[in-house]
Amino acid sequence: MSFLDTHGAILTIIVPLFAAFLMPLLGKLSQKAPRFLAAGALALSSALAIRLAIQVWDSGTIVYTLGSATGTIFRIQLIVDGMGIFMALIMAIVSLAVAIYSWSNIDRYTGQEKYYALLLLVTVGSYGMVLTGDMFNLFVFFEISSISLCGLVAFRSQRGESFEAAFKYMLYSTISGVMILFAIGIFYGQYGLLHMVGISNAMAVNGSTMLDKIALGLLATVFAMKAGSVPMHMTTPDAYGEAPAGITALFVAASQAGLYALFRTGFTIYSSGMNMTTLGWVLIVLGVLSMFIGVTMALVQSDIKRLMAYHAISQTGYMLLGVGVGMAVMADPVLMAQYGVDAMRGGIFHIINHAMYKGLLFLTAGAIIHRMGTSDLNEMHGLGRNMKWTAIMFILGALAIAGLPPTNGFSSKFIIYESVYQFNPILAVIAMLVSILTLASFVKVFYSAFLGPRPSKPVKEAPASMLLGMGIFSAVIVILSLFPGFIIEKIVDPAVSALVPGVELTPLSSGFFPSTIITGDGFWSVLVFIGAFVSIMIIASLIRSMGNKGFTKRKGMGQPYYFGNRVTASARVSGGNVYWGFLKAMERYYKPVKAEHTGDANDYVAWLLITMAVILAVVVFL
Amino acid sequence: MRPMSKIVQAMACLLYPSIIVFGAYLIVHGHLTPGGGFQGGAVAASAIALMIVAYGSKKYNKTRLSALESTGLVMFISLGLLGLGVAFFHNFLANTGGIFGELVEYGTNLGNLNTAGTIPLMNIAVGLEVVGALGLMMVILAKGPEKGGRV
C-alpha cells in the first residue's frame with residue numbers, strides 16, 4: 001500500500017483545511033496570493049478525491065482510523081464507501097470550478113483572503129460530512145459548513161440584505177445544529193457509541209427504541225432543512241440570492257451533503273432496527289411539496305438568482321422522491337427489484353446532475369450580474385448578442401434542468417418517472433408537471449435576459465476565469481449526457497449498494513452501447529435521439545430551401561410589429577409579466593402561498609419547528 | 001473605546017503579566033490539571049480585554065492578532081500531519097524519551113509535565129489560536145464596524 005492509498009481519505013479533507021488556515025497569513029503578503037492558494041489546494045484535494053474514488057470502486061469500502069494504525073469503533077474513523085465518494089466527487093468538481101470562477105467574480109471586493117478561507121472551509125465541511133463514519137464528526141463538519149456559509153452569505157457587506165439573509169440562515173443552522181447534538185446525545189446515552197455502524201449494530205440487536213425514533217425525527221427534519229426542502233426552505237432563496245454567485249453554486253453542493261446525511265441516517269443507521277416505510281413516505285411527501293411549491297414560487301420571481309434558488313428547492317424534491325420511494329419499499333425484495341432500485345438510481349443520479357446544471361446556471365447568472373450590475377430580470381434584455389458563450393452555456397443548463405432530451409437531467413428524470421409511476425402514478429404525473437413548469441420559467445429567463453433589443457449600455461462577454469469555471473460544469477454535463485448508462489453503472493450503482501447493502505442490481509444499461517438506458521417499459525438512447533434530431537433538421541432545411549430565395553433579414557422583416565404598430569424597446573413585455581395569464585388563473589393558489597413567505601425570521605423558525613413536530617409525531621407514532 | 005485614567009492604567013499594567021502567566025500555566029498543564037488550550041487561551045485573552053479597557057482600542061493591531069491565530073491553527077494541523085507516518089493525529093512523541101516523551105509513572109504522584117507527547121504541544125497551538133481569535137473579536141467589537149465591500 002502506498003502512502004496515498006493509506007492516507008488518501010484524510011488528505012482530501014486536510015489539504016483544503018491547511019490551506020484555509022494558511023490563508024490569513026498569506027493574504028498579508030500579497031493581494032493575489034489567496035486566489036492561487038485556494039485554486040491550488042482545491043485542485044490537489046479534487047485530484048485526491050478522484051484518486052480515492054477509483055480506489056473505492058476498485059477495492060471496496062475504505063476505513064481510515066485517525067491517530068492509530070489499528071481501528072476499533074471507539075476511535076474516530078473515516079468510512080469511505082460508494083455513496084460517500086459519490087458525494088465527494090460532486091464536491092471535487094464544484095469546489096474547483098467555483099474557486100476558478102471567483103478570480104474575476106470577487107475581484108472588485110476587499111477581504112478576499114477571508115472569502116477564500118471560508119470557501120475552503122465550506123469544502124472541508126462538505127467533504128467531512130460525506131466521508132466521516134461517526135455521528136459526532138458529522139455534527140462538527142455540519143457546523144463548519146454552516147458557519148462558513150453564513151459568513152459567505154454576508155460577504156457583500158455593503159448590502160444590508162446580505163446581513164439579513166446571513167442572520168436568517170444562521171438561525172436555521174444553529175437550531176438544527178443543536179437538534180443534531182440532542183439526537184447524538186440520545187445515541188450516546190443509550191449505546192455509549194458515536195460510530196454509525198456501531199449504533200446500527202446495537203439497534204439490530206434490540207430493535208430501535210422510542211428514544212431512537214425521536215432522534216430519527218430530529219435528524220430527518222434537520223437534514224431535510226439543510227437540503228432545502230419545503231416547508232423548511234424559507235431561508236434558502238434569501239441565502240442563495242444574496243451570496244456571491246460562485247458561493248451559490250457551492251451552496252448547492254453543500255446542501256446536498258445534508259441530503260447525503262439524511263439518506264445515511266435512514267439507510268445505514270436505522271434500517272437495521274425498524275421498518276423504514278414511514279420515513280420513506282415522509283421523504284416522498286417532503287419531495288412532492290418541494291417540487292411543486294418550489295417551481296410555482298419560481299415562476300413569479302423577477303430576481304434571476306432567487307428564481308434559480310426556488311428551482312434548486314424544486315429539484316431537491318426529485319431526489320427526495322426517488323430515494324424516498326426506494327426507502328418505502330425497502331423491506332419488500334420483490335418491489336425493490338421491480339422499481340425500488342431504479343427509483344433510488346434515478347434519485348441519486350439526479351444529485352450529481354443537479355449539482356452540475358444548477359451550479360452552471362448560478363454561475364451564468366453571476367456572469368450576467370457581474371456585467372449588468374443588476375439581478376432584476378425586468379431590467380435585462382438582449383444580452384445574448386454580446387455574451388454568446390454565457391448564452392450557450394445557459395441554454396445547456398436550462399435544457400438540463402427542464403429535463404429535455406438529450407441532456408443528463410432527462411436521463412435521471414426519465415428513470416424517476418418510470419419507476420415512480422409503478423409505485424404511484426399520481427406522484428409521477430406531478431413530477432412531469434413540475435418539469436414542464438421548470439421549462440416554462442427558464443424560457444422566461446432566457447427570453448428576458450438574452451433576447452430582445454440590445455442593452456442600452458454596451459455589455460462585454462464574461463471574463464475568462466468565469467467562462468472557465470462555467471466551462472468545467474458544461475464539460476461535465478456533456479459527459480453525463482452522452483454516457484448516462486455508463487455513469488449509472490460505474491458511479492451510481494456503488495452508491496445504491498452502499499446505502500442498501502446486498503441489494504440486487506440488475507443492469508440498467510443494455511449491451512449494445514453504454515449510453516442506452518432500458519427500464520421496464522421503454523428505453524432511452526442518446527444516439528437514437530441525436531440521429532432523429534439530425535434527420536428532422538435535414539428535412540426542415542430541405543423545406544426551408546424551397547422557400548422564397550429573395551428574402552434577407554435586413555429587409556423589413558426584422559422589425560417586430562404588434563397590433564399594427566412598430567414595437568419599441570420600451571414596449572417589450574418585461575420578464576416579470578411573461579406568464580401573467582397563468583398567474584392570474586392561479587391567483588387562488590398563489591395568494592395564500594405567497595403570503596406565507598413573509599420574510600420574517602420568527603415565521604421561518606416557526607415553520608421549521610412545526611415541521612419538526614409533525615415529522616416527530618409521524619415517525620414516533622406511526 | 002477611549003483610554004481610562006492613570007490609576008486604571010497602572011493597575012492594568014500590574015495585573016497584565018500575572019494574567020498572562022496564569023493563562024500560560026493553564027495551557028501548558030492542560031494534560032495534567034483541569035484546563036488546557038481553550039481555557040488557558042481564554043484567560044490570556046482576558047489580559048487583552050483589560051488592556052483594551054485601560055488604554056483604548058487604538059493601540060491593538062489586528063494584523064498581529066490575526067497572524068497569531070493563523071499560526072496556532074497551522075501549528076495544530078502540522079502536528080497532526082507529522083503523525084502521518086502511522087495515521088493523522090498519531091501521537092508520535094509519546095513515550096519516546098524526547099521532548100514531552102517520558103513514561104507516565106504508575107500510582108499516585110504529582111504528575112510529570114514532561115509526558116503525553118504531542119498533546120501539550122497541541123494545547124499550546126490551541127492556546128495561541130484562542131488568544132488570537134478572542135483578542136481579535138474584542139478589538140473588532142471595541143473598534144466598531146469597518147468599511148467593507150467593493151474596492
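The values are calculated or read from the model by the stated rules, or taken from the named source; none is laboratory data. These numbers come from a predicted model, not from an experiment. Neighbour counts run over all protein chains shown; Cβ positions are idealised from the backbone, glycine included.
When A:S59, A:S126 are checked against the criterion of being free of Cβ contacts under 8 Å to residues at least 24 places away in the same chain and away from every other protein chain (no Cβ under 13 Å), a single residue qualifies: A:S59. Among residues of the range B:84-122 being of a type in the set (S, T, Y) and away from every other protein chain (no Cβ under 14 Å), the one that is surrounded by the most Cβ atoms within 10 Å (Cβ to Cβ) is B:T115. Restricted to helices (runs of 4 or more DSSP H) entirely inside the range A:441-517, those with at least 3 residues that are of a type in the set (S, T, Y) and within 27 Å of A:I100 (Cα to Cα) are A:464-482.
Do we find a residue being in contact with a Pro (Cβ under 7 Å, 6 or more places away or on another chain) and either under 30 Å from B:G111 (Cβ atoms) or among the hydrophobic types (A, V, I, L, M, F, W, C) (or both) anywhere in the range B:7-26? No, every residue in the range B:7-26 fails to be in contact with a Pro (Cβ under 7 Å, 6 or more places away or on another chain) and either under 30 Å from B:G111 (Cβ atoms) or among the hydrophobic types (A, V, I, L, M, F, W, C) (or both).
Those helices (runs of 4 or more DSSP H) of the range A:103-194 in which 1 or more residues are basic (K, R) occupy A:112-131, A:160-191. Please tell me if A:S162 is within 14 Å of chain B (Cβ to nearest Cβ), over 17 Å from A:M23 (Cβ atoms) and surrounded by fewer than 22 Cβ atoms within 10 Å (Cβ to Cβ). Against the criterion (within 14 Å of chain B (Cβ to nearest Cβ), over 17 Å from A:M23 (Cβ atoms) and surrounded by fewer than 22 Cβ atoms within 10 Å (Cβ to Cβ)), A:S162 does not qualify.
Can you go through B:G23, B:G37, B:G41 and tell me which one is modelled with pLDDT under 90 and under 9 Å from the mean Cα position of the chain (by Cα)?
On the way: B:G23 fails: modelled with pLDDT under 90; B:G41 fails: modelled with pLDDT under 90.
Of B:G23, B:G37, B:G41, the one residue that is modelled with pLDDT under 90 and under 9 Å from the mean Cα position of the chain (by Cα) is B:G37.
Tell me yes or no: at least one residue of the range A:175-198 is of a type outside the set (A, V, I, L, M) and on the phi > 0 side of the Ramachandran plot. Checked against the condition, which is being of a type outside the set (A, V, I, L, M) and on the phi > 0 side of the Ramachandran plot, the range A:175-198 yields at least one hit. With respect to A:I73, determine if the residue is among the β-branched types (V, I, T) and touching a residue at least 60 places away in the same chain (Cβ under 8 Å). For A:I73, the condition - among the β-branched types (V, I, T) and touching a residue at least 60 places away in the same chain (Cβ under 8 Å) - is met.
Restricting attention to the range B:30-67 and to residues that are surrounded by 17 or more Cβ atoms within 10 Å (Cβ to Cβ) and within 14 Å of chain A (Cβ to nearest Cβ), the residue that is nearest to A:S30 (Cα to Cα) turns out to be B:S66.
Can you say whether A:L138 is touching a Ser or Thr at 6+ places or on another chain (Cβ under 7 Å) and of a type in the set (A, V, I, L, M, F, W, C), as far as the supplied structure shows? For A:L138, the condition - touching a Ser or Thr at 6+ places or on another chain (Cβ under 7 Å) and of a type in the set (A, V, I, L, M, F, W, C) - is met. Would you please name the residue that is nearest to A:V534 (Cα to Cα), looking only at residues in the range A:369-401 that are modelled with pLDDT under 90 and small (G, A, S)? Among them, the one singled out is A:G384. Scan the range A:1-32 for residues that are more than 11 Å from chain B (Cβ to nearest Cβ), of a type in the set (G, A, S) and in contact (Cβ under 8 Å) with a residue 12 or more places away in the chain and the total you get is 1. In this entry, A:L42 passes the filter for residues that are surrounded by 21 or more Cβ atoms within 10 Å (Cβ to Cβ) and either under 30 Å from A:V496 (Cβ atoms) or of a type in the set (K, R) (or both).
Candidates A:K444, A:K457, A:K490: the one that is out of contact with any Ser or Thr (no Cβ under 8 Å at 6 or more places or on another chain), surrounded by 18 or more Cβ atoms within 10 Å (Cβ to Cβ) and either of a type in the set (K, R) or without any contact (Cβ under 8 Å) to a residue 40 or more places away in the chain (or both) is A:K444.
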